[in-house]
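A.B. asks: One structure coming up, written as structure tokens, with questions to follow.
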Amino acid sequence: MEKIQKINILYLLGYIFIPAIICALGYTLCYFCFRDGGTGAVLTTMVPTIAAVVWWIFGGSLIFKQKTKELEKRFEAEGYRRNQTFYGRGQTVVLDVEKGMMGVVFFWNPFQNYILPASRISRAWTDDGRGGAGFMEGSSRVSFIFTIDQKIDVRVNTFMSNQRWRMDDKRILTGISKADLMVKNIEEAKKNSLAKGSSAEKSAKSDKTSDAAKADKKSDKSSK
């Protein structure tokens, strides 16, 4: 059974620190070689800085989008149909509800995508992010959460804001509706996956019984 890893520590550290190290090397080179300024100073300071900022803003998103496409292609290549796909900011979730399969890829571990039976989902639920009381009651985030192998919680935001909105606001209600739909589909996929596994187990037991019966018949014939 493939272990799920949401964060690749090496990728995370490299994403953050490698551009910073390159900038530091550029500044050092500028200090020792281009103290009087000029083109050399610009190339060793401004170029690495701009490149680092562009990387931090866009690099991760571009990689994640590309790896999401690879997950979708792999999912379909293995014979599954994408009944439902949710593109979250930190992860993409793909479901084949009928065959009970799930595909997922994480932003901080984009080079590893996962395809697993939905029977590995322990539970799934909607979190409306409700907080406060009275006229202050509201939410700034709505998400659906599912637990893999009873220990790995995956939260996927369907709405997120830097301010709190009333629970009857259209944005919150839309987020809840999306989350409820995904939870419903995950539960249905899990049900189908469990039924499929039960059917396969019964078939395997039937085959073993049949093989045992054939072996008994051969034994009887040889003894005669």
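A.B. asks: Taking each full run of DSSP H in the chain as one helix, which ones are at least 20 Å long along their axis (Cα atoms) and have mean Kyte-Doolittle hydropathy of at least 0.0?
C.D. replies: Helices passing the filter in the chain: 9-33, 39-54.
A.B. asks: Would you please calculate the Kirkwood hydrodynamic radius of the range 41-175 over all C-alpha pairs and express it in Å, rounded to one decimal?
C.D. replies: It works out to 17.2 Å.
A.B. asks: Let me ask something else about it. Per 10 Å bin from zero, what fraction in whole % of the C-alpha pairs of the range 1-104 is there, up to the bin with the longest pair?
C.D. replies: All Cα pairs, binned at 10 Å, distribute as 13, 30, 22, 16, 12, 6, 1 percent.
A.B. asks: Measuring with a 1.4 Å probe in the full set of protein chains, what accessible area per residue, in whole Å², belongs to the chain?
C.D. replies: 63
A.B. asks: Sort Y15, Y80, Y87 by accessible area with a 1.4 Å probe, largest first.
C.D. replies: Listed by decreasing accessible area, they come as Y87, Y80, Y15.
A.B. asks: Right, here's the next one. Figure the gain on full extension for Q112 and V54 (residue separation times 0.36 nm, minus the Cα-Cα span) and round it to one decimal in nm.
C.D. replies: Value of the extension gain: 18.5 nm.
A.B. asks: Measure off, as a whole percent, the carbon and sulfur share of the 1.4 Å-probe accessible area of the chain, all protein chains present.
C.D. replies: 57
A.B. asks: Shifting gears a bit: At a Förster radius of 45 Å, what calculated FRET efficiency corresponds to the Cβ-Cβ distance of I22 and S177, to the nearest 0.05?
C.D. replies: 0.50
A.B. asks: Can I ask one more? If you stretched the chain out fully between V42 and S161, how much longer would it get, using 0.36 nm times the residue separation minus the C-alpha to C-alpha distance?
C.D. replies: Between V42 and S161, full extension yields 39.0 nm more.
A.B. asks: Which value, to two decimals, describes the C-alpha radius of gyration of the range 20-72 once divided by 2.2 N^0.38 Å?
C.D. replies: 1.57
A.B. asks: Taking only the Cα atoms of the range 60-118, how large is their convex hull per residue, in Å³?
C.D. replies: Value for the range 60-118: 65 Å³ per residue.
The values are calculated or read from the model by the stated rules, or taken from the named source; none is laboratory data. In this text, all values refer to a predicted model and were calculated from it rather than measured experimentally. So basically every Cβ, Gly included, is an ideal-geometry build from the backbone, and we count neighbours across all protein chains shown. Only protein heavy atoms, including side chains, enter the accessible area calculation; ligands, DNA and RNA are left aside. Shrake-Rupley method; radii C 1.70, N 1.55, O 1.52, S 1.80 Å.
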